[in-house]
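The values are calculated or read from the model by the stated rules, or taken from the named source; none is laboratory data. Worth saying up front: this structure is predicted, and the values here are computed from it rather than measured. With ideal geometry, Cβ positions are generated from the backbone for all residues, glycine too; neighbour counts draw on all protein chains shown. We work out accessible area using only protein heavy atoms, side chains counted, and drop any ligands, DNA or RNA first. Shrake-Rupley method; radii C 1.70, N 1.55, O 1.52, S 1.80 Å.
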Amino acid sequence: MRLIEKLHNPESKYTIRQIVRWLWRVLRGNRTQALFNASIGMLGVACSLLMVWAMQRTIDMATGVVPGSIYWGVALMGTVILAEFALGISRVWIKNILGVKAQNLMQQQMLDRLLRAEWQSKDTHHSGDVINRLEQDVQTVVTFITETLPNTLSTMALFLGAFVYLFQMDVWLSLITVGILPLFILVSRIYVAQMRKYTRRVRNSDSQVQSLLTETVQHRMLIKTLEAGDQMVDRLGDTQSELRYHVRQRTKFSIASNLFVNGGFSLGYLIAFLWGAVRLSARTITFGQMTAFLQLVYRIQGPARDLTRLAPAFVSVFTSAERLMELEEAPQEQQGDGVEMAAPCGIRFEDVTYGYEDSPVPVIDHLSFDFRPGTCTAILGETGAGKTTLVRLILALIRPKSGQVSIYDQHKAEEISPLHRCNFVYVPQGNTLLSGTIRDNLLIARPGATDDDLWRVLHLVCGDFVADLPQGLDTVCTEAGGGLSEGQAQRIAIGRALLRGRSIMLFDEATSALDPDTERQLLQNILSDKQKTVIFITHRPAVVDYCDQVLRVE
């Protein structure tokens, strides 16, 4: 227990008990693979000890110490070897098939939790860091749970089985072989404490490298226009240099520790060899027994060496578990079935005040306003005046500090919550298309839509240009709608929103890249349906002309 306690990082916000409980929860979701690996490991132990007995028996038969046919002995050895081959293939199959499935499932669960978390005004973790955790740390945790722990059971079984076998043959040799283990356990306590610190630093530096790479690739156009390529490459070099430094520190410590441990095991093997040679020369053991001695000592020391490697495995998994637990810290939004209101429905602000934690001045101060059902409203205001905050309040991404935001129809009114988000379509600023075909982007809004449905919404948003593209709906867009103009991408994004078909439509500068004629036609098409409540965040006069009311945010 004290050895486990050494795993605790003083800088960590989690206790050992919390981390172990979290790992236990992960184990419960991967019991099948863990059970398969444990079973294969135990069968491997049986084959290993049976091979020692078969080898000893065959050699003694060959030297005439015991009666029997050496052919039967060799045949038994061959059977054991084939069985070990089969177990090895099974182990690889389980690792590559079930292991990948377990990693994929855990990544899905972590991503699902992130997407269901409450929106935060400032992201706690960089997107590159989050990706690093979802890839590297998930792999570390799943490998430990499904492979390392089950293999540890078989390793301990092999150690005990070989020790009992050797103890029956030679008491003193068995005691000498395991006598050096307490020394290594004592050293491993020091090893764990130091390795824990080095591993955390390496993982954090690795996340910083990935974060810088992600950000640079995302903003490469900006970097090119600023001619800051050399500067970004230099920043990457500095970050990588810090990573290499921490890797070197960890590697030097690991090498020194391994030299000490392996040196001790080698000394123990030499002592066992000398002991067997002396007894063989005194003719107190047979040559087959001498061979069995060396095989058993190896099978005791091998598992013991594997057990000492558990220290870095525990260090890695505890570090990864902490990093994944940090991702789960964000409180979850209200979950449940969506609450759909009758169309048309409206949004009402009643004396709403909201301010961000890092600002003493409220962004929204005692605002009351009614986005009436079936109307079109323009929200105007300077940059930083609070327009984006209004959008977040309407979409229930944040809650007012005081006052109330309600959604209502002709029958009822309810305080807005994440469960009411099913009544909205939202088109944010900028290019929001994902990599894939135009069809893929549209179907995100309604997976069961037909081609007729897709062409209908494209016509409404002046997106008939898609028909002139070589692949039509199957035209492939790269990341952020690459291959289309900004205006084309905006029209497809608006079409995607219309395809969702909800009662309240919220557009945040959604027509900023359109020419006046296209914008005018698109607005006429959208606003022709009086069953929709439309809200525009805009600076464009043409949009304001089509609106029933204006909310100016100062």
Give me, ordered by chain and number, the residues 5 or more places off V553 or on other chains with an amide H under 5 Å from its own placed amide H.
L380, G381
Apply the Karplus parameterisation 6.51 cos²θ - 1.76 cosθ + 1.60, with θ equal to phi minus 60°, to every residue of region 431-438 and state each ³J(HN,Hα) to the nearest whole Hz, in sequence, with x for glycine and proline.
8, 10, 6, 9, 5, x, 7, 4
Virtual spin-label span in nm between R116 and S266, 7 Å along Cα→Cβ
5.4 nm
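Treating only the Cβ of Lys, Arg, Asp and Glu as charged (+1, +1, -1, -1), what charge dipole size does region 105-162 show about its Cα centre? Round to the nearest 20 debye.
On the way: 4 positive and 7 negative charges, 20 e Å.
So the magnitude is around 100 debye.
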Backbone N within region 528-549 under 11 Å of label point (7 Å from S127 Cα along the Cβ vector):
none
Which of the aspartates and glutamates could a cross-linker bridge to K387, judged by Cα under 14 Å and excluding same-chain residues fewer than eight apart?
D365, D508, E509, E554
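Counting only protein heavy atoms and a 1.4 Å probe, tell me what percentage of region 355-436's accessible area is made up of carbon and sulfur.
Working: 1930 of 3890 Å².
Taking all protein chains in place, region 355-436 shows 50 percent carbon and sulfur surface.
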Shape call, region 330-436: gyration tensor on alpha carbons, a/c limit 1.5:
rounded
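At a Förster distance of 51 Å, what's the computed FRET efficiency of Q404 paired with I89, Cβ-Cβ distance as r, to 0.05? Mind showing how you got there, number by number?
Working: r = 64 Å, r/R0 = 1.26.
Efficiency, from the Cβ-Cβ distance: 0.20.
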Once amide H atoms are built 1.01 Å from N in the peptide plane, which residues 5 or more positions from Y426, or in another chain, come under 5 Å H to H?
L506
Starting from the 7 Å offset along Cα-to-Cβ, what nm value, one decimal, do you get for the label separation of R235 and D440?
2.9 nm
For region 367-446, what's the relative contact order in percent, using C-alpha pairs closer than 8 Å and at least 6 residues apart?
17 percent
Quick one: putting +1 on the C-beta of Lys and Arg, -1 on the C-beta of Asp and Glu, what dipole do you get for region 398-554 around its Cα centre, in Debye to the nearest 20?
600 debye
From phi via Karplus (6.51, -1.76, 1.60), per-residue ³J(HN,Hα) for region 503-520 in Hz, x at Gly/Pro
6, 10, 10, 10, 10, 9, 6, 6, 10, 5, 9, 8, 6, x, 5, 5, 4, 4
Please work out how much length the chain gains when fully extended from S485 to K252, using 0.36 nm per residue of separation minus the C-alpha to C-alpha distance, in nm with one decimal.
78.6 nm
As straight-line cross-link partners of K13, the qualifying aspartates and glutamates (C-alpha separation under 15 Å, not fewer than 8 residues apart within one chain) are E5, E322, E326, E328, E329
Each residue of region 204-211 in order: what ³J(HN,Hα) in whole Hz does its phi give by Karplus 6.51 cos²θ - 1.76 cosθ + 1.60, θ = phi - 60°, with x for Gly and Pro?
5, 5, 4, 5, 5, 4, 5, 4
Under 5 Å, built H, 5+ apart or other chain: amide partners of C376
V534, D548, Q549
Rounded, prolate or oblate: pick one for region 96-146, where a ≥ b ≥ c are the square roots of the eigenvalues of its C-alpha gyration tensor, a/c under 1.5 means rounded, and failing that, prolate if a/b is larger than b/c, else oblate.
prolate
Calculated FRET efficiency for the pair L274/E329, C-beta based, R₀ 56 Å, to 0.05
0.45
Which of the listed residues, T533, V543, L469, is farthest toward the dipole's positive end in region 458-554, when Lys, Arg count +1 and Asp, Glu count -1 at the beta-carbon?
T533
Nitroxide proxy distance, nm - points 7 Å out along Cα→Cβ at S528 and E350:
3.8 nm
Gain upon complete extension [S417, Q18; 0.36 nm per residue less C-alpha separation]
140.5 nm
Accessible area per residue, 1.4 Å probe, Å², for region 452-554: what's the number?
46 Å²
Compute the relative contact order of region 396-504 as a whole-number percentage, counting only Cα pairs closer than 8 Å that sit 6 or more residues apart in sequence.
37 percent
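Going down the table (K412/K532; K95/K197; K101/K197), which pairs top 20 Å between alpha carbons? List each step's numbers first, then the result.
Values: K412/K532 17 Å; K95/K197 29 Å; K101/K197 31 Å.
Going by Cα-Cα distance, K95/K197; K101/K197 fall outside the 20 Å limit.
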Stretch gain in nm, segment H366-Y71, where the contour uses 0.36 nm per residue and the Cα spacing is subtracted:
96.7 nm
